[in-house]
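The structure appears below as structure tokens.
The values are calculated or read from the model by the stated rules, or taken from the named source; none is laboratory data. None of these values were measured; they are calculated from a predicted model. No Cβ is skipped: glycine too gets one built from the backbone with ideal geometry, and neighbour counts run over all protein chains shown. Surface accessibility is based on the protein's heavy atoms, side chains included, excluding ligands, DNA and RNA. Shrake-Rupley method; radii C 1.70, N 1.55, O 1.52, S 1.80 Å.
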Amino acid sequence: MTIPLRPVRYGALLFAVLLAGIAFAAPTVADSHSNLSAVVVRSDFAEPDAHLTHNIPDLRLTVGDGEVDCNFLSHYESTGGIIRWGFATSEVIEESAGSLTQYYQRGVVDCQERDGAWRLERRLAWDFLGGGVGDAPDLGVEPDLLSEQPGRPMGPWGHRISNFAVDGTATGFLDFYREFGGLHAFGLPKTDARLDDAPGAMLGIEGAQPGIIRQYFQAAVFEYRPGRLQPVQLRLLGDAVRDRLYPYASHQVFASFQAAGPLTDGEAYAPETVSPADALVMLYGATNGDHDAYVAGQRDALVALYHATNGADWNKNGNWLSDAPLGEWYGVTTDIHDRVVELNLSQNQLRGTLPPEIGQLADLVNLDVYGNQLHGEIPPEIGNLDSLTHLSLWANQFQGSIPPEMGDMASLEWAALGINELTGEIPRELGNLTTATHLDFTLNQLSGEIPSELGNLTNLVWLAFWSNRLSGPIPPELGNLTNLERLDLDTNRLTGPIPPELGSLVNLERLYLHANRLTGEIPPEIGGLESLQVLALNSNMLTGEIPAEMGNLANLRWVALVGNQFTGCVPAALAAVPSNDVDELGLPLCEAEEPEDMEDMEDMEEMEESAGATEA
């Protein structure tokens, strides 16, 4: 009897075969790594977006009893910089034993020992993508390509580098080659410059279609695109090499290919050990070895969302419930191995509730349903979204309490739950969101005290709870949030004094504490907030004198103090703030104190006058 395979398992079987093939065929993968150690000599950090947030360092390695230099940054700068290489797409990694590698958008650089010496070498992309790979044969000599501008012959294959293509089109390729690193950066030419109409002449890279003039080099592809501000462009061969070695975007399982923080000079650096075979094994585990079933589970979750939010009446619902790939459904973004990583249905007329199945989309990075008519409670299953960095439930009609399970969202950076009808207390579990930079819960009906655990969120830049029903004191632990730039606690029912610990918020630009029931005096430590631009303390029950230290707030542009019970005088510097309510306080300006040396001089004059009178 023959037992047929279940169709849903075909994807798993094919993936397993691919996994085995890659592991067998990857000559660069070592069974063990040497775990190189290094020190950062200097580094350049760029963060154009989350996927390109990386360092390019010069490193000093300890190798045996000696030291060697792997100066990735110096090589980057000397061979054309961002124009040649683009942004880094990884940190420096140990991809094979005893050598270091860094991936860039337009190339890959290795630092390794060769012929008894350590050196930096750009990886020859042609060897990965051309030369018979992907139906792209090495073209060799092209004697039939004639040109009135023969250019400069280079290399053993007889190809030329010129400012002209073989049909006479001016390309500027030779000038570009010389300016941005030459042989050191690009290698030798593998073709002449011509319209790429020969089907077998193209590298096996996505988007390399005929119709524009190209020239292939060992480590780059030049493209001439007329009408562009910079007509010579480079293919993203670094990305192409990476995706060939790490299929199904499996490189994403390693921390070094994800967003990084800046390195500092003198810092110890331990490169992550990385291998394509390990990446596929980890990816296989992440999908439970069954790619088809994994995709089907995601589809089920999206279908549940569609039905729970009246999908038939959405403004846009293209391809939803169809057999099209999930990445073609409106608002859904998938990665290269079909994981749903983004769901953006903002302002799309969603009506209904957010279903618990949303927690099945475990690889979501961005969930945005802002500006709809969603109601009911936020499902606790949202805490299963361990990969989520961006959550926007803003401007809906959500009710009930904030689920404490949100504290389990280990990657959450940005959460906007404002303009809803949320009630109950702020869960103390939110103090576990140590990756968070922005938390906005404004315009709800939250009650109870602000949990002191929020003082653990030292990466916070923005914390906003204005227009709720919060009571109790302001936790002094908020003074730990030294990266904070904006603190909105106004229009609540907060009581007690302003904690002097808030004076530690050296980066704070906006402090809103107005419309509460705060008592006591303004702590003089507030005068140490050198970055402060906006200070709103009005409509409280504050008493005592306004501290003279507040006159030190040199960057202040807006200050509101009315509606309290201050006494004494007002520091004169506050009256010079562009927008202020000092005149409404009914208090005089403080007179400037005379410097101590002036007081000593006056005392001396009085003594001299007294002595003169005695002599007379």
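Quick notes
- Considering only residues in region 82-93 that are open to solvent by less than 10 Å² (accessible area, probe 1.4 Å) and assigned to a helix (DSSP H, G or I), the one that is nearest to C111 (Cα to Cα) turns out to be W85.
- Those residues of region 360-398 which are of a type in the set (S, T, N, Q), open to solvent by less than 20 Å² (accessible area, probe 1.4 Å) and not in a strand (DSSP E or B), in sequence order: N372, N396
- Filtering region 214-253 to residues that are open to solvent by less than 10 Å² (accessible area, probe 1.4 Å), touching a residue at least 40 places away in the same chain (Cβ under 8 Å) and assigned to a loop (DSSP other than H, G, I, E, B) leaves A219, A220.
- When region 457-503 is filtered for residues that are open to solvent by less than 30 Å² (accessible area, probe 1.4 Å), assigned to a helix (DSSP H, G or I) and within 22 Å of N432 (Cα to Cα), the ones remaining, listed by number, are L478, G479, L502.
- Here is the figure for region 408-440: residues that are under 26 Å from the mean Cα position of the chain (by Cα) and open to solvent by less than 10 Å² (accessible area, probe 1.4 Å) total 11.
- Only a single criterion out of (1) at pLDDT 95 or above; (2) within 34 Å of the chain's Cα centre (by Cα) is not satisfied by E530, namely (1).
- Residue check, G130 in contact with a strand residue (DSSP E or B) (Cβ under 9 Å, 6 or more places away or on another chain), at pLDDT below 80 and surrounded by 19 or more Cβ atoms within 10 Å (Cβ to Cβ): yes
- Pairs where the first residue, in region 533-561, is at positive phi and the second is surrounded by fewer than 18 Cβ atoms within 10 Å (Cβ to Cβ) and in a loop (DSSP other than H, G, I, E, B), C-beta under 7 Å, 6+ apart: S539/G563; G544/E521
- Scan of region 510-523 for residues that are open to solvent by 60 Å² or more (accessible area, probe 1.4 Å) and either touching a residue at least 40 places away in the same chain (Cβ under 8 Å) or under 19 Å from Q565 (Cα atoms) (or both), ordered by number: R517, E521
- Boolean, E91 is modelled with pLDDT of 90 or more, acidic (D, E) and under 28 Å from the mean Cα position of the chain (by Cα): yes
- G285, sole failed condition from (1) open to solvent by less than 60 Å² (accessible area, probe 1.4 Å); (2) part of a helix (DSSP H, G or I); (3) at pLDDT 75 or above; (4) not hydrophobic (A, V, I, L, M, F, W, C): (3)
Residue by residue, here is whether (1) farther than 21 Å from P499 by Cα; (2) surrounded by 15 or more Cβ atoms within 10 Å (Cβ to Cβ); (3) aliphatic (A, V, I, L, M); (4) touching a strand residue (DSSP E or B) at 6+ places or on another chain (Cβ under 9 Å) holds:
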{"residue": "G544", "(1), (2), (3), (4)": "no, no, no, yes"}
{"residue": "P547", "(1), (2), (3), (4)": "no, yes, no, no"}
{"residue": "L553", "(1), (2), (3), (4)": "no, yes, yes, yes"}
{"residue": "V562", "(1), (2), (3), (4)": "no, yes, yes, no"}
{"residue": "T567", "(1), (2), (3), (4)": "no, no, no, yes"}
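- Which listed residue, of G400, G327, is over 22 Å from the mean Cα position of the chain (by Cα) and modelled with pLDDT of 95 or more: G400
- Taken over region 569-594, the criterion of being open to solvent by 40 Å² or more (accessible area, probe 1.4 Å) and either under 42 Å from the mean Cα position of the chain (by Cα) or under 20 Å from A515 (Cβ atoms) (or both) is satisfied by A573, A575, A576, P578, S579, N580, E584.
- Residue list for region 254-281, restricted to those being within 17 Å of F128 (Cβ to Cβ) and part of a loop (DSSP other than H, G, I, E, B): V274, S275
- If you go through region 504-516 and keep only what is at negative phi and either touching a helix residue (DSSP H, G or I) at 6+ places or on another chain (Cβ under 8 Å) or part of a loop (DSSP other than H, G, I, E, B) (or both), you end up with S504, L505, V506, N507, L508, E509, L511, L513, H514, N516.
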